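Structure record follows, encoded as C-alpha cells.
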There are 4 protein chains.
Amino acid sequence: MPTKITVVFYSTYGTNHGIALHAAEVAREAGAEVRLRRCAETAPREVVDGQDAWREQLEDMQDIPEATPEDMEWADGYFISVPTRFGVPASQFRAFVDTLGPKWQSGALANKAITATTSAQNTHGGQETTLQSIYITAMHWGAIIVPPGYVDDIKFEDGGNPYGYSCQPGPLDETGKKSVAYQTKRLVDFAGKISG
Amino acid sequence: MPTKITVVFYSTYGTNHGIALHAAEVAREAGAEVRLRRCAETAPREVVDGQDAWREQLEDMQDIPEATPEDMEWADGYFISVPTRFGVPASQFRAFVDTLGPKWQSGALANKAITATTSAQNTHGGQETTLQSIYITAMHWGAIIVPPGYVDDIKFEDGGNPYGYSCQPGPLDETGKKSVAYQTKRLVDFAGKISG
Amino acid sequence: MPTKITVVFYSTYGTNHGIALHAAEVAREAGAEVRLRRCAETAPREVVDGQDAWREQLEDMQDIPEATPEDMEWADGYFISVPTRFGVPASQFRAFVDTLGPKWQSGALANKAITATTSAQNTHGGQETTLQSIYITAMHWGAIIVPPGYVDDIKFEDGGNPYGYSCQPGPLDETGKKSVAYQTKRLVDFAGKISG
Amino acid sequence: MPTKITVVFYSTYGTNHGIALHAAEVAREAGAEVRLRRCAETAPREVVDGQDAWREQLEDMQDIPEATPEDMEWADGYFISVPTRFGVPASQFRAFVDTLGPKWQSGALANKAITATTSAQNTHGGQETTLQSIYITAMHWGAIIVPPGYVDDIKFEDGGNPYGYSCQPGPLDETGKKSVAYQTKRLVDFAGKISG
C-alpha cells in the first residue's frame, strides 16, 4: 500500500505554490499517493481583487481543491508550505488549522509525519520562526516531526535551514528544487516507516 | 498627555473577554486613555451559530468595536489577550494581524510597548508558546516587549508565567485579577516612559 | 536486534534523575537496550559543595556514567530529561551538547528519534519553552521528533504538555510515572520503526 | 547621569568579539557608560589549545574582564552577542546565565533593556532561534526587550533579522557595522528612557 502524503500550502503570489507543486511531483515519483491541497483564501474578495498579482495567483490555483480536515485524517504524512507573516505562518493557514479541532479530538491526526517549508520577504524575516510555529502546532496533534537537519549535502548549499527549506519570494530555483526534493523524499520515507 | 493603550482581544467563550475588560478598566484607573477592541470573528456564521456558547459570547461583545489598523497606530502600548489554538494564537487574531501590512510598511507600528496574556484548555497546552508567538510578531513591528517576568510577588502565586498571565478557561479569579492588574499597570508605566 | 535508547539527563536536586530512572526502566521493560547517562556537572566544585542538597544529589549519581558523544551515536533514540533555567535547559546539558560538533559533522547523529521532559520551579516557568529549545537543537542533528501530543488519555491528566512531560520539582508521582512511561514506550516504538 | 550599558559576549573565533567591540564603541559615543565583558571560557583547556584559532582568540580577549552577576545588576541595558550552537546560544553564555540565580531572586535584574545579536555558520542555521532563546531568558528576568524590528532602513540591507543583527562568521562588514550601530543606539535610547 503506497504511503499517503497530503501537501498543504497557501500562496499569495506563487512562491509556496511552486514549492508545493514540486513536492507533490517528487512525492508521486517516490511512490506515494498524493493529495495536493490549498488553504482557502480568507482575505475579503475586494482585498484580493485590489491586487492584480494576488487575484491572478488565486485564479491560477482554482483547480486545486481546498484542504479539508478529512485530507489530514487520510494522510500518513504532511508536507506544508506557507509564507511568513510577521514571523509566523499566514493566517489563511491558521484559519484552516483552526477547523481541525474535531479531528484532533477524535485522535484522527495522531502519529502522522510532517515536514514544512516557507518563504519570507527578508533573508532572516521569520524563515526559522515560521517553521517552528508549524511544528509546535503539529506537536499538539501528536505528529512525528521530520525536519531535514543537515543530513544531506544539499543543506550546505540551500541556505542551510535545518527546520525546512526556506527562501525569498520567487520561482523555485535549481538549488531549491533539489532541496525540496530531498525534504519530500525524506518525508515519504519516514512516513512510510512510521505508518507501516 | 495621557498614555494611550489599545487592548486587543479575541474570545470564543469569554475567558479572554474577561481578561481584556479587566485590563481596560485597570489601564483607565492608571490614567491611560484606552481603546478596547475585539478581533473580528472570521469563523463562518453557521459554525458560530452551531454552538450556543459561541453565539452568545459573540452577541455579548457586539458593542465592542472591531480592531482596526488605525487602533494600532494610535496607541503607545498594546495589551493583547487571545486564546491558544494548537500552541499559537487563535486564527482570528492572526487574520487581524495580517491586515497590518500597510501600517507596518509606513512605520506606524514602530516603538510601541506590548504585553500579552492567553488561555489554554490544558495547564501546559501552549500557554507559554502562544505568548512567544505574539512577541515574535511584535518584534517584526519594532515593538518594545514588556513581559511581567517575576518582578512582582503576584507572579509566584498566579502560575508564574513570566511571559504574561495565562490561565485555563473560565472567569478571571481574584489571583488572575491581581496578575492582570499588575501586568497592565506595568504596560502603562513603560509605554508612558517610552513614548514620553 | 533490540532498539537502542540513550537516556540523557541532568539533575541538580533529583527531579530529572527520578524521571530518567523511570524512563530507563520502562524502556528496558519495552525490550530496548538502554544506556542511562548523566550530563557532567560543570558548576565549580565549591559551588556544589556550598549546597548540601546539590552535593548529595551529585554523590547519589556517581555510579551513572557521564554522557559521551559516542552514546549519542550508538542509540536509535534519545530520551532527554533536564531542568529549566530561565526558560531553556540547564547549561550542563548545553555544555554536553556543545561537544557533539564532530559527531554531527560526520553524520553520526542523523535520523535518531528523540523525546524530552523537563521540570521548572513554577507551573508556567519555562516548561514549554525548554522542551522547544531541546527540539530545535535536535532538528539541527536531523533527528525525528516524537512528542507525546495528546495521543494518550494520560495527557489530559498530567498537565497536558504536548511537547513532553513536565512537572515542578519533587519525586515523580503516580500520574507522572504513567506519563513518562507512555512517552518512553512511544519513543521506543517509533525509534524501532525508524531504525528498522 | 549617563545610561549604563553592559555588553556581554562570547566568541570562539572572533565574530561576536568584533560585534561586541563595535557595540561598545558606539554606545560610548552615544553617551553611555559602558562595561565590555566576555563570558568565561568553559571548554577544557586542552580542547581550546587543540585548535590554534580558538586559542589565539582566547588570548586576544585576555584583557577583557569576565562577566559577573554584578555587571548585570549595574547596567540599565544589555547588549548581548553570542554565536549559535545547534539553534541556541553557545553553552559558555548559558553557563554565565546560570550564575545569575541569586541576582534574579533579589530582583536586581528587573526592568533592564536588552537587545541581542548572533552569528551562525549557515544563513538559516539558527540565526533567528538563537535570538529568541536569549529573549525568552530575559523575559524571566523581567527585562524590557528592544529588538530592532524594521524601524530603520538598514534592516532592509543587513539580511533583515528583526530580532537582532545576525551574520555568518567573519569580520564585521560595513553593513554590519551600520546595523550594529543602529541597534546599539536604539538600546541606549530606550534603556535611558526606561531607567530615567
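Miscellaneous remarks
- Any hit, segment A:160-169, residues being outside any helix (DSSP H, G or I), more than 7 Å from every other protein chain (Cβ to nearest Cβ) and over 28 Å from D:VAL88 (Cβ atoms): yes
- Among the residues of segment B:13-56, those identified as of a type in the set (Ser, Thr, Tyr) and surrounded by fewer than 21 Cβ atoms within 10 Å (Cβ to Cβ) are B:TYR13, B:THR42.
- Hits in segment B:1-18 (condition: under 21 Å from B:ASP158 (Cβ atoms) and touching a Cys at 6+ places or on another chain (Cβ under 8 Å)): B:PHE9, B:THR15
- Only residues that are touching a residue at least 40 places away in the same chain (Cβ under 8 Å) and buried (at least 24 other Cβ atoms within 10 Å of the Cβ) were counted across segment D:144-171, and they come to 7.
- In segment B:79-89, the count of residues that are open to solvent by 20 Å² or more (accessible area, probe 1.4 Å), under 17 Å from the mean Cα position of the chain (by Cα) and in contact (Cβ under 8 Å) with a residue 60 or more places away in the chain is zero.
- Conditions (1) among the aliphatic types (A, V, I, L, M); (2) out of contact with any helix residue (DSSP H, G or I) (no Cβ under 6 Å at 6 or more places or on another chain); (3) more than 28 Å from B:GLY164 (Cβ to Cβ); number of the one not met by D:LEU172: (2)
The values are calculated or read from the model by the stated rules, or taken from the named source; none is laboratory data. Source: prediction; values computed, not measured. Cβ sites come from the backbone with ideal geometry, for glycine too, and all protein chains shown count toward neighbours. What goes into the accessible areas is simple: the full protein's heavy atoms, side chains included, and nothing from ligands, DNA or RNA. Shrake-Rupley method; radii C 1.70, N 1.55, O 1.52, S 1.80 Å.
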